[in-house]
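What follows is one structure encoded as structure tokens, with my remarks underneath.
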Amino acid sequence: MLAYFPIGYIHYIAFTLYVLMAVYILKNDLTSKINISAAGMIICFSLWSFGLAIKHNPLISQQAAYNAERIGSLGWIIFPFFTLWFFLEISLRKKLLKIPFLLPALLLPGLFFYTVELLDLLQLQPVHSVYGWYSPWAESKFPLFFQIYYLSYLIIGLALLLENAYKNRSTIKKRQALVIFWGTVAAIFAGTFSEFISPKLFNFYGVFTELSDLYVIIWAASITYAVTKLSVSKPNPENLAQKIVSSMNESLVILDDSFNITYVNSSASKLLGIPEGSRTIHNFVSVFPYIDAGISFFDNIDKTSGSNTIKTFAINSLGKKIPVSVSITLIMEMNETLGAVCLIEDRSESIFFEEMLRKERDLAKKYIDIAGVMLIALNKKGQIILINKKGCEILGYFDREQLIGKNWFEYFIPEDSAADSKNVFERLSKNTIIEGYVENYIIRKDGKRRLIKWSNAVMFDDNGMFSGTISSGEDITEDKAYHEEMAKLVAAVEQIPSMIIMTDLWGNITYVNPKFTEVTGYTKEETAGKNPKILNSGETKKEKYKELWDTISSGQQWKGELRNKKKDGSLYWESLSISPVMDFKKRIFAYIAVKEDITEKRKQQEILRQNYEKLKELDTLKTNFTSMVSHELRTPLTSIKGFVSFLLGGVGGKLSPEQKDFVMTIKNNSDRLLSLINDLLDLSKMESGTFSISKKTTDIIPVIASSIRDISSIAEKKTIAIKMNSAYTSLNINIDEYRISQVLINLLNNSIKFSPAGSQIEIEVKEAAKETVNLPEYEDITKLKSEKYLTIRVIDHGPGLTKDNARRVFDRFYQVEDINTRKAQGTGLGLSIVENIVQLHDGIVWADSEGPGLGSVFTFIIPLQ
């Protein structure tokens, strides 16, 4: 058994929709011909869908399908008439519509084709299929004539619609026309393709080709929307008034003679929560309970004007309190009040904006006062009318009232800047545009000058006339000084004779100075973004580069020398120091390298090194020669001294006084020569590194006494007394007894040589703690490793020393006196040997003098522990 195919239900739904649309249009305005024609067209669509809903049921008989087709065909044959009538009405073709019998004449083709349909000359008898009954087109010419009929009506109607829309200046009318036009075109295209084109293309006709009634739903919907929502219909005065009142933006309430609310428009409904058309009685006082005296308020309305306005609060249906302004006009007849009309303005937004404006004004004041720049407004006379807190601070005032009214140019502009400042003000008063910033000095209350950078704007009054200026000023006194210093720094970097190169964190070059370009040949543009590897000569080991990067990336400085390559390929040596650049959080963000071309310096160093090696070689030869000569001289000198002793001892017979003097001269010069040879031998050992001492625990007091005895014969010749001052009778210390005795004898011998006859030399012996040792400023105190020292001072009353001589007197071969005019003999080696011996004892020796003619003090210290 065949089932009822669902497509019939779809047609029933379409039928229902069409009926509802027609009713909705007529309900909107039953008197409008536009609405009547539109409703007639949609009723035709409903007949069409009703017939198809029955015909597309496969369970009905052929006769029933045939009868259904007769009902539906009335709709799809007659609808072009209503369509053209609708288009004539909405395109305002009044002259055409006034032609007698125009509408009956337009209806005649439809009635003709319906008659043809009843004679089965337009469609054949219904054909059965599993999906329902369908009616193929007849093989006559009438289907073609029908297509020409309905398409011509539609095309003429659309042309009239578009022409009217084009001529009409109203935007809403153009929108109405486009909505109907595209709805019509879409429906015509879909229906024509389904009913006429697809059967020809696919040689098929059946239930699914008879769906045009569904496609025209688009058309019907567009017409319904345009007629009802876009107000295409021609309104009558009553409807127009009702629509105007209903759609007013203002909220309107009508009261009866008991002042009960009888009508609210759409806006008032939304505001008060009272539905339009509500039958519930709402008393005026219940909605506006805050109006003084309630209903009696209406008695106080001026009967002449019949109106009054009051600001109050309304209570909506939800109990919400709404600020409103109510304009009440009484409806009067024969001096009796029939009711009232109330226009209600919602003041919520107004109050909100007033509050917002107040808050913004307060906020603006706060912004002005917390602004980090100086804000000042001047009237057209140059007097201060507004100034913020920062401006007061810059000017040195605490109370802005002290500034209001003062002339800006007379009180706060220096004389040397007044003319320029007034010129800027005058140019602004003439509405002259001043590009950029203006800088000038101002004078604070305390008289100090500050440099301000200004941005200026002009103020106008209500008549558009100049009323003053408002300016923002930034104190750039310190910034200016800073930028000047930075400019000097940049100039210094640009002109510095060293190469400067900066890179980012990844080693890409960001800056090179002109010296870098001069040395390497690479310009700033050529190096920008490049890695310093462009200078790599290939001679530096990778390990050295790794050490470099490890050092600087850890935040430390790296110093060294590299052999790099210039742009022209030539090699050069550079000494460089690379340091990381850190931000305030100690994070590295760049590196800076200071380089110096040391190619020539390296060449000179190489020459010096070679010369040094030659000098070392010569010094070694000299030392060896000195040692050899000393040894060779010492042997015969020993023989001479021995034979002189024999002669003085009388081995060769008794000597005459004259002979004895000769032999004593030989002895003295032999002793002097032997001393010189010993000094030369010691010097030779010191230079060769073979000079050494042998320390052991020794009582130093007898050593000092012995040294005094050994030198006493020389002192007696000048009648010089040697005195020892010591609190110790015995003091053990770890020393080389012979070498310390040599030190004492050399120091005493030196003092005797330069001391006047009959004078006295003192030897002072005492202990001293490390912190009490008074070293000369040129000595390094870090040399003192022990906590306690033995201090021995040799004090004479000779010619004294200058500070320079006191420092240099221990230099090898140094002589205080001129070699050509000196009185005292000597080689200048004794004190140098003394210094070397004391240093080998971990001690220090130095000379002091209060000045020429005031004697000298030679001090040496050696550790007690």
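The values are calculated or read from the model by the stated rules, or taken from the named source; none is laboratory data. What you see is a predicted model; the values in this text were computed from it and never measured. In this analysis, Cβ positions are derived from the backbone assuming ideal geometry, glycine residues included, and neighbour counts consider all displayed protein chains. The protein model used for the area step is the full one, side chains on, heavy atoms only, and it has no ligands, DNA or RNA in it. Shrake-Rupley method; radii C 1.70, N 1.55, O 1.52, S 1.80 Å.
Counting only protein heavy atoms and using a 1.4 Å probe, what share of the accessible area of the chain belongs to carbon plus sulfur, as a whole percent?
Values: 28630 of 49600 Å².
Roughly 58 percent of what the probe reaches on the chain is carbon or sulfur.
Below 11 angstrom from the Cβ of residue 485, what's the summed charge of the other residues (Lys, Arg +1; Asp, Glu -1)? Working shown, then result.
Details: positive: 480, 488; negative: 478, 479, 484.
My count for the surroundings of residue 485 gives -1.
Using 1/(1 + (r/R0)^6) with R0 = 51 angstrom and r between the beta carbons of residue 459 and residue 246, what's the FRET efficiency to the nearest 0.05?
Working: r = 48 Å, r/R0 = 0.93.
The calculated FRET efficiency here is 0.60.
In nm, give the distance between the simple-model label positions of residue 334 and residue 435, each being 7 Å from the Cα along the Cα-to-Cβ direction.
The answer from the label model is 8.3 nm.
Take every Cα pair under 8 Å in the chain that's 6+ residues apart, average their separations, divide by the length, and report that relative contact order as a whole percent. Don't skip to the end; give the middle numbers.
Working: 1336 pairs, mean separation 40.6, N = 865.
In percent, rounded to a whole number, it is 5.
Tell me, in nm to one decimal, what length is gained between residue 67 and residue 699 on full extension, where the rule is 0.36 nm per residue of separation less the Cα-Cα distance? Before the final figure, lay out the partial values.
On the way: separation 632, 0.36 × 632 = 227.52 nm, distance 15.66 nm.
Extra length from residue 67 to residue 699 when fully extended: 211.9 nm.
First measure r as the distance between the Cβ atoms of residue 486 and residue 614, then evaluate 1/(1 + (r/R0)^6) with R0 = 60 Å and state the FRET efficiency to the nearest 0.05.
Numbers: r = 52 Å, r/R0 = 0.86.
My answer for the efficiency is 0.70.
Simple spin-label model, 7 Å along Cα-to-Cβ: residue 773 to residue 139 in nm?
14.3
Size of the range 504-603 along its principal axes in angstrom, Cα-based, largest extent first?
Sorted from largest, the Cα extents of the range 504-603 read 42, 29, 22 Å.
Run through the DSSP bridge list for the chain and note the antiparallel percent, rounded to the nearest 5. List each step's numbers first, then the result.
Working: 109 of 115 bridges.
Around 95 percent of the beta bridges assigned by DSSP in the chain are antiparallel ones.
Which one is right for this structure if Rg and Dmax of the Cα atoms in Å is calculated from it: (i) 31.1, 103; (ii) 62.9, 195; (iii) 29.5, 102?
Here the calculated entry is (ii).
Quote the relative contact order of the range 319-378 in percent (integer), defining contacts as alpha-carbon pairs under 8 Å separated by 6+ residues. Spell out each step's value before the answer.
Details: 43 pairs, mean separation 15.8, N = 60.
Answer for the range 319-378 is 26 percent.
Which whole-number value in Å² is the accessible area per residue of the chain, probe 1.4 Å?
Value for the chain: 57 Å² per residue.
I'd like to compare 738-744, 533-539: which one has the highest average count of other Cβ atoms within 10 Å, and what's the full order after that? Write down the numbers at each step before the final one.
Details: 738-744: 21.1, 533-539: 12.9.
Per-residue mean Cβ counts within 10 Å order the peptides as 738-744, 533-539.
With each pseudo-label sitting 7 Å past Cα toward Cβ, what's the residue 577-residue 360 distance in nm, one decimal?
Going from the residue 577 label point to the residue 360 one covers 6.0 nm.
Bin all alpha-carbon pair distances of the range 52-143 at 10 Å intervals from 0 and give each bin's fraction as a whole percent.
16, 37, 25, 16, 6, 0
Contour minus end-to-end for residue 167 and residue 257, with contour as 0.36 nm per residue of separation and end-to-end as the Cα-Cα distance?
Full-extension gain reported as 27.5 nm.
Against the empirical 2.2 N^0.38 Å scaling, what ratio does the C-alpha Rg of the range 688-777 come to? Don't jump to the answer; show the numbers that get you there.
On the way: Rg = 14.9 Å, N = 90, 2.2 N^0.38 = 12.2 Å.
Relative to the 2.2 N^0.38 Å estimate, the range 688-777 comes out at 1.22.
For the chain, what does -39500 (n - 2.57) per DSSP helix run (n ≥ 4), summed and divided by total residues, give at 222 nm, in deg cm²/dmol to the nearest 500?
-16000 deg cm²/dmol
Mind ranking 145-151, 360-366, 87-93 by how tightly packed they are, going by the mean number of other C-beta atoms within 10 angstrom, highest first?
Working: 145-151: 16.6, 360-366: 10.7, 87-93: 21.3.
Result, highest mean first: 87-93, 145-151, 360-366.
Sort the range 359-449 into rounded, prolate or oblate with this rule: let a ≥ b ≥ c be the square roots of the eigenvalues of the Cα gyration tensor; rounded if a/c is under 1.5, and if a/c is not under 1.5, prolate when a/b is larger than b/c, oblate otherwise. It would help to have the intermediate numbers written out before the result.
Numbers: a/c = 1.79, a/b = 1.25, b/c = 1.44.
Oblate, since a/c reaches 1.5 and b/c is not below a/b.
Sum up the charges of everything whose Cβ sits under 12 Å from the Cβ of residue 117, counting Lys and Arg as +1 and Asp and Glu as -1, but leave residue 117 out.
On the way: positive: 70; negative: 69, 120.
Cβ neighbours under 12 Å give a net charge of -1.
Mind ordering 749-761, 553-565 by average Cβ neighbours within 10 Å, highest first? Intermediate results must be reported in sequence, preceding the final value.
Details: 749-761: 17.4, 553-565: 14.5.
Ranking the peptides 749-761, 553-565 by packing returns 749-761, 553-565.
So, R0 is 60 Å and r is the distance between the beta-carbons of residue 286 and residue 129; what FRET efficiency does that work out to, to 0.05? It would help to have the intermediate numbers written out before the result.
Numbers: r = 68 Å, r/R0 = 1.13.
Efficiency computed from Cβ-Cβ geometry: 0.30.
Quick check: net charge around residue 854, other residues with Cβ under 11 Å of its Cβ, Lys/Arg +1 and Asp/Glu -1? Please list the in-between numbers first.
On the way: positive: none; negative: 796, 848, 850.
Around residue 854, the charge tally is -3.
Using only the Cα atoms, work out Rg/Rh for the range 421-524, with Rh taken as the Kirkwood radius, to two decimals.
Numbers: Rg = 22.6 Å, Rh = 18.0 Å.
Expressed as Rg/Rh, it is 1.25.
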